[in-house]
Amino acid sequence: MSTITTYENLLNIIKKAPGHIYWKNTKGIYLGSNDAQAIFLGYKTGQDLIGKTDFDLPWKEQAIQLQEIDNQVMKTQKEYCIEEIVSSQKGEKTIFLSRKIPLYDPKTKKVIGIIGTSIDITEGKQAELAKQQFIMNMAHDLRTPLSGIIGLSYILSKEGTQDQDRQHGQWIQDSGNQLLELINIVLEVTAAQYHFTETIASNTIYLEQ
């Protein structure tokens, strides 16, 4: 198989690959992309993006910030991972997990731009948030009546008319406290996970039209 044929096959694979793939030079000019990236931006094929910059696209208001990220990738020559909330030409909000790496000249080994890939994680993020909200609501709904049970069992353990009643009240109180502690642990773990999500979100770029 000739080098030209291999190159054409590689371009065809990239063109039809799932997710978004794109690459730019050191000036932020698009050198190419796959069709998924182009269609999301309102174009027909990746060829339509060649020669354009982020200032020409729907998220032009954030172009400077995107350019800074690209420059950081090229300067440090390290991978950069970020969540991006973007709007398509249709105005639909989508959450992408984007990774950017330096693009090297195969001969000189010098950095000549960046390569980026973006994967739609909207459904996964929505499911994650729904799960967190469910756990938080469930724990709250359990803790409220449980606090009442613990309070009443405390009264029974202190003011019961018979020793057996006071003993039963103490057992109920002890069991209730153990269950309440378990619920609090669930809340703490969920809150920690939510805080982690918020930390990631603090690095989110909103690319609005």
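The values are calculated or read from the model by the stated rules, or taken from the named source; none is laboratory data. On a predicted model such as this, the values are computed, not experimentally measured, just so you know. Virtual Cβ from ideal backbone geometry, glycine too; neighbours counted across all protein chains shown.
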| Among the residues of segment 137-183 satisfying the criterion of being more than 40 Å from the chain's Cα centre (by Cα) and basic (Lys, Arg), which is modelled with the highest pLDDT? | 158
| request: Considering only segment 41-61, state which residues are exposed (fewer than 14 other Cβ atoms within 10 Å of the Cβ) and within 17 Å of residue 115 (Cβ to Cβ). | output: 50
| Contacts under 7 angstrom Cβ, first residue in segment 50-79 being at pLDDT 95 or above, partner of a type in the set (S, T, N, Q), 6 or more apart | 74/26
| Which one of the conditions (1) part of a loop (DSSP other than H, G, I, E, B); (2) more than 28 Å from residue 60 (Cβ to Cβ); (3) at pLDDT below 85 does residue 129 fail to meet, given that it meets all the rest? | (1)
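Among the residues of segment 128-141, is any within 30 Å of residue 42 (Cβ to Cβ) and either surrounded by 13 or more Cβ atoms within 10 Å (Cβ to Cβ) or among the aliphatic types (A, V, I, L, M) (or both)?
Yes - at least one qualifying residue is present in segment 128-141.
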| said: Being out of contact with any strand residue (DSSP E or B) (no Cβ under 9 Å at 6 or more places or on another chain) and among the aromatic types (Phe, Trp, Tyr): is that true of residue 55 here? | reply: yes
